[in-house]
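Participant: Below you'll find the structure I mean.
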Amino acid sequence: MTRHFCWAYFAFYGFAISLAAQNSELSKEVKEYVKVDAPKVLLLHVRVIDGTGSAAIEDQNVVIEGGKITAIGTGAGVPTTNERVTVLDLRGYSVIPGIVGMHNHLYYQRRPNLKSDWSGEAPLLLPQMTFSAPRLYLAEGVTTMRTTGSVEPYADLNLKRDIEAGKLPGPHIDVTGPYLEGAKSPYIQMYRLKDADDARQLVNYWADRGATSFKAYTNITREELKAAIEAAHSHGIKVTGHLCSVTYPEAVELGIDDLEHGFFVNTQLDPDKKPDHCSESSGAYTLEHMTPESAEAKALIELLVKHHVAITSTLTVFEGRTDLGKVPPVRQEVLDAMAPEAREDYFVLRNRPASAPVPKFDSKLLYKNATALEVEFAREGGLLIAGPDPTGRGDVVPGFGDQREIELLVAEGFSSVEAIRIATLNGAIYLGKDKQIGSIAVGKNADLVVIKGDPSKQISDVENVEIVFKDGVGYDSTKLRQSVRGKYGQY
Ligand SMILES: [Zn+2]
């Protein structure tokens, strides 16, 4: 068949998208953001980056039927004359699997009355972004995500249910329960655990109400963590941690499943570290001394790999925080998404004030060691997963941050297709969902990101997302983005 298909052929081969809708359960509000929804969709002449780490394959056809990928190959799925097929000619485009975001909060970090010298007033607040965050994640290619710590667990659980019911747009969500935090915490919205029994009760309560993961935080004690892990595992649920009071080797021995922020927050070598208490540098001392070739690094990586503990890379939140000598680029779309106040706070935090204390540690060395350890961990067979952690200075924004994380993985030494795998298939493996999602393969759910350009050659092309398929329904990235203009940081 030599016929030249193009976008205009929608009408020729198929029929109006609204008539084709197979997902009648999607609400009117969600349909507003749907660009493609038909019983059979053919992505024609597209470059496939399948998420396994394999090289890109040029000029493939990908067929989507009933929410699944049903065929992939040169010339696959070309319709017979009478067949109703919606055809997208994707010459010049690539598809990658839907991103599986593993540190994807649904809140924003607000500092009341922030001044130009970075001072503000307590308490730090984490307002919920139930409206903007899911839309931005989906718009930028995230089709599955873990919240990695909840401050409004009822809202997160209801959001997940409403998305699954087709009432709201957004990715599939692994709802992490409320933070498992110790007695003292800078975050007033977090529950403060009293003891091990309290930790057990919290886990049981939220697991019974639908939480599908848990996250331990910086002031938890070993006893509390142990009890929480045992309780979670008894529900078949995994536990991750952004730790400080418990070191990485201690957490591994207690049975933790995943550790957040790569190697930035391990406190095992900190000289002032006391059992069950966070150290002053929160791990910076350890990281400064843990060069990748050190005996400590080798032993730690061996321990993590042996116990199948995953590591979540969140380079996005560190590239801005550390004094690396260059300020990360700002994207216009990111500024457009932000509420005016969020934008203002971000510009205050972007510039280092003269009054800021001189850092006690060499940020460049910390970043260098941390990235080298992540690469080494992955090379040794460790499961490296990724997420943006949209907090920090406020410029790590849902969705855009997931793309930036992929770019930073490439900068730290992974190939483009390896970085895409870390952000897709590896997350699916961690979640135990790699039979259904995480890569582009026949039989898997049609979670696909349509990208203009070739991220296998130029990784910044991951920013050029135009359509995001979730379960075979193609969402319009531009429309989703426009719907949250000026709202991130507020709703
Ligand atoms: Zn976080």
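The values are calculated or read from the model by the stated rules, or taken from the named source; none is laboratory data. Predicted model, so just to flag it, every value in this text is computed and none were measured. Cβ: placed from backbone, ideal geometry, glycine included. Neighbour counts: every protein chain shown. For accessibility, only protein heavy atoms count, side chains too; no ligands or nucleic acids. Shrake-Rupley method; radii C 1.70, N 1.55, O 1.52, S 1.80 Å.
Participant: I need the trypsin sites (Lys or Arg not before Pro) found in segment 247-341, filtered to DSSP loop residues with at most 16 other beta carbons within 10 Å of theirs.
Facilitator: The qualifying sites are Lys326, Arg331.
Participant: Just the accessible area per residue of the chain, please: how many Å² with a 1.4 Å probe?
Facilitator: Solvent-accessible surface per residue comes out at 39 Å².
Participant: Please work out the Cα center distance from segment 176-201 to segment 254-287, rounded to the nearest Å.
Facilitator: 18 Å
Participant: Between segment 333-376 and segment 135-171, how many Å separate their Cα centres?
Facilitator: Here the two parts' Cα centres lie 27 Å apart.
Participant: Follow-up question, since we're still on this one. Answer rounded, prolate or oblate for segment 28-77, using the Cα gyration tensor with square roots of eigenvalues a ≥ b ≥ c: rounded when a/c is under 1.5, else prolate when a/b is larger than b/c, else oblate.
Facilitator: Verdict is prolate for segment 28-77.
Participant: Quick one: longest stretch of the chain between exposed loop GluC sites (Glu not before Pro), exposed meaning at most 15 other C-beta atoms within 10 Å and loop per DSSP?
Facilitator: Longest site-free region, per DSSP loop and neighbour criteria: 122-279.
Participant: Follow-up. What is the percent carbon and sulfur in the accessible area of the chain, measuring with a 1.4 Å probe over the protein chains and ignoring ligands?
Facilitator: Carbon plus sulfur share of accessible area: 52 percent.
Participant: Next question. Setting aside same-chain residues fewer than 8 positions from Lys31, which aspartates and glutamates have a Cα under 15 Å from its Cα?
Facilitator: Once the sequence-local aspartates and glutamates are set aside, what remains near Lys31 is Asp162, Glu164, Asp471, Asp476.
Participant: Related question: Using per-residue counts of other Cβ atoms within 10 Å, averaged over each peptide, order 353-364, 232-243 from highest down.
Facilitator: Most protected by this proxy first, the peptides run 232-243, 353-364.
Participant: Turning to a different aspect of this structure: Roughly how far apart, in whole Å, are the Cα centres of segment 427-487 and segment 64-92?
Facilitator: 18 Å
Participant: Quick check on the chain: helices-only [θ] at 222 nm, where DSSP H runs of length 4 and up contribute -39,500 (n - 2.57) each and the sum goes over total residues. Nearest 500, please.
Facilitator: So the helix-based figure for the chain works out to -9000 deg cm²/dmol.
Participant: Which of the residue pairs Lys444/Lys487; Lys160/Lys444; Lys115/Lys360; Lys306/Lys368 have a Cα-Cα distance greater than 31 Å in the structure shown?
Facilitator: Going by Cα-Cα distance, Lys444/Lys487 fall outside the 31 Å limit.
Participant: Which value, to two decimals, describes the C-alpha radius of gyration of the chain once divided by 2.2 N^0.38 Å?
Facilitator: The reported ratio for this selection is 0.97.
Participant: Next question, about the same structure. Efficiency by 1/(1 + (r/R0)^6): what FRET value for Thr291 and Val327, r their Cβ-Cβ distance, R0 = 30 Å, to the nearest 0.05?
Facilitator: 0.70
Participant: Each label point is 7 Å from the Cα along the Cα-to-Cβ direction; what then is the distance between the points at Tyr491 and Val442, in nm?
Facilitator: Each label point is offset 7 Å from its Cα along the Cβ direction, giving 4.4 nm.
Participant: If you take the square roots of the eigenvalues of the alpha-carbon gyration tensor of segment 39-132 and sort them as a ≥ b ≥ c, do you get rounded (a/c under 1.5), prolate (a/b over b/c) or oblate?
Facilitator: prolate
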